[in-house]
Amino acid sequence: MIWVMLLVQLFATAAAGAPSASKVKKPAAEPMVITFVYFPMAVPVAVLGETLKRDRLLKRELEQAGCRIAFRTLAKGADAVPLVHSRQIDAVMFSDMPAIEAASSGDLVIAGTVKRSYASVLAHSNVVLEQLAGKKVGNVPGSTSHYALLQALASVRLSEREVNLVPMELHKMPEALAQGRIDAFAAWEPTPTMTMKKYPGQFCVIYRQVSLSFFALSGELLRVNRPAADALCAGIIRAVRWLKKGNNLNTASQWAVQGMTAFSGRNAEVSAADIAAITRSDLLDVPAAPLISAADREANSNLLREFDFLKSIGRVPANASRERFRSSIRPDLLESVLGRRSRFRLTTFDYAP
């Protein structure tokens with residue numbers, strides 16, 4: 001009996017000292033990680049990427065939405081397409097051809113425009129397009145310049161099979177052309193500008209194609225965490241506005257040079273001044289950017305025609321739905337954020353140095 005009484009007293013004391021279930025501190029939920037992909041060797045995407053990385057307001061907005069952001073850099077847009085398909089990307093800024101491929105067969109929506117310029121085919125000054133038949137042409141497969149090259153060949157009734165396409169890293173193309181290892185190459189900015197600057201009078205643009213780059217979001221992010229998606233949209237709008245003010249573009253262009261150097265492991269061959277000039281002409285001076293036009297959803301828009309062309313040559317799956325791609329173009333996303341400019345503090349800037 002004495003032992004029983006002692007045990008009862010012991011359990012009663014322990015129970016009195018134990019915290020109630022309502023007072024037990026539950027472990028904090030792990031924040032959702034948003035993976036944002038951009039391309040440090042492409043301008044002006046590199047400038048925007050480096051600016052967004054430093055946006056303290058964006059980080060705070062995402063924290064309130066239960067998220068943290070992780071930036072990932074890749075060499076070219078084609079590298080992002082399989083990551084979209086495997087749902088490893090939540091946001092990305094990439095060019096038209098990979099954007100169309102990803103949105104046509106993956107869970108991706110195109111929310112804004114972050115570049116409007118040209119992709120170019122460069123060759124020796126005495127060469128014309130028709131003479132590329134049987135020649136070696138440097139190319140980054142699946143890129144916006146690949147699309148420009150396809151259009152260039154089609155304009156003179158040549159196909160990919162009638163030229164010798166040489167897959168190359170972008171930074172190797174100028175020297176390969178100068179040394180005669182290739183006869184031409186297709187590239188996006190700043191490579192064409194850099195090449196003609198480095199080798200004045202030797203090369204010229206023999207074809208130019210309008211090139212667009214887009215800001216895109218995963219459909220899953222929109223469904224699961226719309227506040228986070230809105231915060232990213234606000235970050236894009238805020239970055240463009242900040243770049244237009246004072247000396248900010250020059251500062252961000254220096255960041256882009258540093259990003260190129262860190263990514264490639266060698267000194268950038270393009271100057272901050274060149275990057276600033278390209279960013280100004282390809283983004284900051286583009287009317288309404290970063291908004292995407294509602295006209296891009298129309299049946300005969302350039303974007304839908306580009307979808308048709310890529311499908312006709314097998315770059316987009318044969319069973320890809322034109323209507324599905326059309327519905328992936330979402331001008332309403334940035335417009336919705338613009339309509340709540342005070343809520344998203346679109347004119348308040350807080351960027352880390």
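Which one of 75, 344, 312 has its Cα pushed farthest toward the positive end of the charge dipole of the chain, where Lys and Arg give +1 and Asp and Glu give -1 at the Cβ?
344
Among 111, 277, 295, which one shows the highest mean-square fluctuation when the chain is modelled as a Gaussian network with alpha-carbon springs under 10 Å?
Its mean-square fluctuation being the largest, the pick is 295.
Structure shown: which of 53/311; 135/197; 59/245; 59/172 lie over 30 Å apart, alpha-carbon to alpha-carbon? Could the numbers behind the result be given before it?
Values: 53/311 35 Å; 135/197 24 Å; 59/245 22 Å; 59/172 36 Å.
Those over the limit are 53/311; 59/172.
On average, how much area does the Cα convex hull of segment 114-167 cover when viewed from any direction, in nm²? Mind showing how you got there, number by number?
On the way: hull surface 16.1 nm².
So the mean shadow area of the Cα hull is 4.0 nm².
Could you estimate the translational diffusion coefficient of segment 187-328 from the Stokes-Einstein equation, with Rh from the Kirkwood formula over C-alpha pairs, at 4 °C and 1.567 mPa s, in whole µm²/s? Don't skip to the answer; put the middle values down first.
Numbers: Rh = 18.3 Å.
Once the numbers are plugged in, D ends up at 71 µm²/s.
Assign one of three labels to segment 200-255, namely rounded, prolate or oblate, based on the Cα gyration tensor with a ≥ b ≥ c the square roots of its eigenvalues; rounded applies when a/c is under 1.5, prolate when it is not and a/b is larger than b/c, and oblate otherwise.
Values: a/c = 4.03, a/b = 1.59, b/c = 2.53.
Cα axes put segment 200-255 in the oblate bin.
I need the phi-derived Karplus couplings for segment 124-140: 6.51 cos²θ - 1.76 cosθ + 1.60, θ = phi - 60°, integer Hz, Gly and Pro marked x.
Values per residue, Gly and Pro as x: 4, 4, 9, 9, 10, 4, 4, 7, 6, 4, x, 8, 8, 10, x, 7, 9 Hz.
Among 201, 224, 173, whose Cα projects farthest towards the positive end of the dipole of segment 150-231, with charges put on the beta-carbon of Lys, Arg (+1) and Asp, Glu (-1)?
Result: 201, furthest along the dipole toward the positive end.
How big is the charge dipole of the chain about its Cα centre, in debye rounded to the nearest 20, if each Lys and Arg gets +1 on its Cβ and each Asp and Glu gets -1 on its Cβ?
On the way: 43 positive and 31 negative charges, 170 e Å.
Dipole of the chain, to the nearest 20 debye: 820 debye.
Under a Cβ-only charge scheme (Lys and Arg +1, Asp and Glu -1), can you give me the dipole magnitude of segment 113-166 about the Cα centre, in debye to the nearest 20?
Numbers: 6 positive and 3 negative charges, 28 e Å.
I would put it at about 140 debye.
Rolling a 1.4 angstrom probe over the protein heavy atoms, how many square angstrom per residue are accessible across the chain?
Numbers: 16440 Å² over 353 residues.
Ligands and nucleic acids excluded, the result is 47 Å² per residue.
If you scale each eigenvalue of the Cα gyration tensor by 5 and take the root, what three semi-axes come out for segment 82-177, rounded to whole angstrom and sorted largest first? Numbers along the way, then the final one.
Values: eigenvalues 166, 38, 34 Å².
Computed over segment 82-177, the values are 29, 14, 13 Å.
Rank 154, 99, 229 by mean-square fluctuation in a GNM of the chain with C-alpha springs under 10 angstrom and give only the top-ranked residue.
Looking only at 154, 99, 229, the biggest GNM fluctuation is shown by 154.
Can you bin segment 266-353 into rounded, prolate or oblate? Criterion: square roots of the alpha carbon gyration tensor eigenvalues sorted a ≥ b ≥ c, rounded for a/c under 1.5, prolate for a/b above b/c, oblate for the rest.
oblate
How many angstrom lie between the Cα centre of segment 268-330 and the Cα centre of segment 164-188?
For segment 268-330 versus segment 164-188, the Cα centre distance is 24 Å.
Hey, could you grab the Kirkwood Rh for the chain? Inverse mean 1/r over distinct alpha carbon pairs, Å, one decimal.
Numbers: mean 1/r = 0.0453 Å⁻¹.
After inverting the mean inverse Cα-Cα distance, the result is 22.1 Å.
When the Karplus curve 6.51 cos²θ - 1.76 cosθ + 1.60 is applied with θ = phi - 60°, which whole-Hz ³J(HN,Hα) does each residue of segment 194-200 get, with x for Gly and Pro?
My calculation for segment 194-200 gives 4, 5, 5, 6, 6, 10, x Hz in order.
If the reach is capped at under 13 angstrom between alpha carbons, list the aspartates and glutamates near residue 198, excluding any in the same chain fewer than eight residues apart.
Leaving aside aspartates and glutamates fewer than 8 places away in the same chain, those within reach of residue 198 are 175, 269, 274.
Convert each backbone phi in segment 69-85 into a coupling constant with the Karplus relation 6.51 cos²θ - 1.76 cosθ + 1.60 (shift: θ = phi - 60°), then list the ³J(HN,Hα) values in order as whole Hz, x for Gly and Pro.
Rounded to whole hertz, the list is 10, 10, 8, 10, 10, 10, 7, 8, x, 4, 5, 7, 4, x, 6, 5, 4.
Once each part is reduced to its C-alpha centroid, what is the distance from segment 60-103 to segment 225-259 in angstrom?
16
The values are calculated or read from the model by the stated rules, or taken from the named source; none is laboratory data. Nothing here was measured: the structure is a model prediction, and the numbers come from that model. Cβ: placed from backbone, ideal geometry, glycine included. Neighbour counts: every protein chain shown. Ligands, DNA and RNA are excluded from the accessible area calculation, which covers all protein heavy atoms including side chains. Shrake-Rupley method; radii C 1.70, N 1.55, O 1.52, S 1.80 Å.
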